[in-house]
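Have a look at the structure below, then the notes.
The values are calculated or read from the model by the stated rules, or taken from the named source; none is laboratory data. This is a predicted model, so every value here is computed, not measured. FYI the Cβ positions are ideal-geometry reconstructions off the backbone, even for glycines, and counts take in every protein chain you see.
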Amino acid sequence: MKVLKFGGTSVGSPENMRAVMKIITDGEQKIVVLSAMSGTTNALVDIAGLLWKKNRETASVSIGQLEATYKKVVKELFENEENVKKGLKVIRSSFNTIKSFTSGRFSHVGENTIVAQGELMSTQLFTLLMLENGHDAKLLPALDFMRIDEEKAADSHYIRENAERVLKEVGAAQYYVTQGFICRNAKDEIDNLQRGGSDYTASLIGAALDVDEIQIWTDIDGFHNNDPRFVENTQKIEQLSFYEAAELAYFGAKILHPQTVFPARVHDIPVRLKNTLNPSDSGTLITSESTGTGIKAVAAKDGITAIKIRSDRMLMAYGFLKSVFRVFEKYKTPIDMISTSEVAVSLTIDNTDHLKRIKHDLDEFGTVEVDENMTIICIVGNIIAEERGFASKVFHALDGIPIRMISYGGSRYNISVLVPHSHKEITLRALSENLLNNGN
Ligand SMILES: Nc1ncnc2c1ncn2[C@@H]1O[C@H](COP(=O)(O)OP(=O)(O)O)[C@@H](O)[C@H]1O
Ligand SMILES: N[C@@H](CC(=O)OP(=O)(O)O)C(=O)O
């Protein structure tokens, strides 16, 4: 069995949903994970934002607009009047749920319930479309088996046991359709796997059921060697290793949710990225194998904060780094990059929820400087860090770029540099011109 995930653009219109139906109905049994129709999650997040601010009137206007869009979708999607009625019932139920939060005290449960409606609607409408067209499709309710624990990490054990249970309960079918992104938390409330999380749903299901392949279908022909939103003439990569893909996804390649690769790697399940608009293209294959040497791709992660702790007294004393790291551990804030000198240590974080308190605690160790709005540029490939001349190639490519930090040699797959966000695009373009597209 395979798991196929289709993103927001792939199910973003009745026409695209029909294209997805054509792709999946090849007679092979599969599980199909769907995101919300493109734009829906953003609209729902905005509505929740308005409700947090008690701006109920504007929220109601936005809810009305979104509902009107969905009514149009339903009327275009189905041919049979009975199915139009069923589709409108699906929409009504979701919008009634959303509207129920426009009075009374708003809460995180309210927000998560609102945001979940995108996937709940897209999957119900798509299943109905499959049935209208004579396909043997059944809905697998993700909220019955997808779960995160107290630490907000996927509860793989629970997911495995319950995915199998729900599959049995739902009964045999050729095509199973389920929601990406949404889950329950340790308190059994509706929650989610963070933005872009439908990819992660697919790999969690893939690992839980030990499938043959996990496919991520999107609006581009695979993993490109640079971010096509900022750089022209990017090229598709045919093959990446799990480690290379994980580094790129973690450091900002939007095509894959950062955590997607992990479950696939642990269970050694190939991940294939495919284009819904061009299904015959082979896409990008991600496996345990790393083919070729040299640099394969770059990616950029925004919203990075750099923190420098300067101490002329005790930096080199053993125990100093431990004390610094303990502060980040205390505030459950992961560190992305680190570099040290005789008198200072610089590190980066992307979660600034506790920045003030972190800075306050670090002040005890010396002078603390904070630089916000930075970008990590991550250069990935099967790089042998010691290869002669390699570092000079990278530095040459970055000539003229104000680099704040470099991390080199920590892994053979990744070199990272930290630049001001204002220099992100110029850095990505310089790397494409000088490193990627010239046979390196
Ligand atoms: N290295 C990359 N390779 C391919 N696409 C990338 C890369 N970096 C960013 N992207 C962007 O990711 C988009 C696909 O991801 P996303 O919008 O999340 O799709 P979906 O809605 O299908 O999940 C592409 O359209 C592309 O603009
Ligand atoms: N709908 C969710 C989950 C998701 O993964 O969407 P997409 O596959 O369109 O990136 C979001 O927008 O975050």
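The table that follows gives values for the structure above.
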| item | result |
| --- | --- |
| Checklist (1) in contact with a Pro (Cβ under 8 Å, 6 or more places away or on another chain); (2) at pLDDT below 95 applied to V73, failing item | (2) |
| Condition check for I269: in contact with an Asp or Glu (Cβ under 8 Å, 6 or more places away or on another chain), of a type in the set (A, V, I, L, M) and within 21 Å of D212 (Cβ to Cβ) | yes |
| Cβ pairs under 8 Å, 6+ apart, first in segment 136-161 and closer than 16 Å to T123 by Cα, second at pLDDT 95 or above and part of a loop (DSSP other than H, G, I, E, B) | D136/A173; D136/Q174; A137/A173; A137/Q174; K138/G171; K138/A173; A142/G180; M146/L193 |
| Lone qualifier among G27, G39 - being surrounded by fewer than 22 Cβ atoms within 10 Å (Cβ to Cβ), within 14 Å of ligand 2 (Cβ to nearest atom) and assigned by TED's automatic domain parsing to the domain that holds A142 | G39 |
| Pairs, first loosely packed, with under 12 Cβ neighbours inside 10 Å in segment 388-411, second part of a strand (DSSP E or B) and among the aliphatic types (A, V, I, L, M), C-beta under 8 Å, six or more apart | P402/V419 |
| Residue match in segment 147-167 (condition: within 16 Å of ligand 2 (Cβ to nearest atom) and modelled with pLDDT of 95 or more) | yes |
| Residues that are closer than 29 Å to V261 by Cβ, of a type in the set (D, E) and in a loop (DSSP other than H, G, I, E, B), drawn from segment 124-154 | D149, E150, E151 |
| Number of the exception - D302 against (1) farther than 22 Å from R229 by Cβ; (2) surrounded by fewer than 13 Cβ atoms within 10 Å (Cβ to Cβ); (3) at pLDDT 95 or above | (1) |
| Helices (runs of 4 or more DSSP H) contained in segment 355-437 and holding at least 1 residues over 21 Å from K236 (Cα atoms) and acidic (D, E) | 355-362 |
| Qualifying residue in segment 340-351 (condition: under 26 Å from the mean Cα position of the chain (by Cα), in a loop (DSSP other than H, G, I, E, B) and in the same structural domain as I403 (by TED's automatic domain parsing)) | yes |
| Pair list, Cβ < 7 Å and 6+ apart or interchain, from segment 1-29 residues that are closer than 19 Å to S203 by Cβ and of a type in the set (G, A, S) to residues that are within 13 Å of ligand 2 (Cβ to nearest atom) and part of a helix (DSSP H, G or I) | G7/S198; S10/N16; S10/V20 |
| Considering residues of segment 330-367 that are hydrophobic (A, V, I, L, M, F, W, C) and in contact with a Ser or Thr (Cβ under 6 Å, 6 or more places away or on another chain) only, the residue surrounded by the fewest Cβ atoms within 10 Å (Cβ to Cβ) | F365 |
| Single residue of segment 49-75 satisfying the filter (in contact (Cβ under 8 Å) with a residue 24 or more places away in the chain and surrounded by fewer than 18 Cβ atoms within 10 Å (Cβ to Cβ)) that is farthest from V11 (Cα to Cα) | K54 |
| Enumeration of residues in segment 76-100 that are free of Cβ contacts under 8 Å to residues at least 24 places away in the same chain and under 15 Å from E119 (Cα atoms) | R92, S93, T97 |
| Residue match in segment 76-85 (condition: surrounded by fewer than 17 Cβ atoms within 10 Å (Cβ to Cβ), under 25 Å from S198 (Cα atoms) and not hydroxyl-bearing (S, T, Y)) | no |
| Enumeration of residues in segment 237-282 that are more than 16 Å from ligand 2 (Cβ to nearest atom) and in a loop (DSSP other than H, G, I, E, B) | I237, E238, F251, H267, D268, I269, P270, N278, P279, S280, D281, S282 |
| Helices (runs of 4 or more DSSP H) enclosed by segment 1-106 - at least 1 residues per element that are touching a strand residue (DSSP E or B) at 6+ places or on another chain (Cβ under 9 Å) and of a type in the set (A, V, I, L, M, F, W, C) | 14-24 |
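The rows are residues; the columns are (1) crowded, with 24+ Cβ neighbours inside 10 Å; (2) within 10 Å of ligand 1 (Cβ to nearest atom).
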| position | (1), (2) |
| --- | --- |
| Y250 | no, no |
| K254 | no, yes |
| A264 | yes, no |
| L273 | yes, yes |
| S282 | no, no |
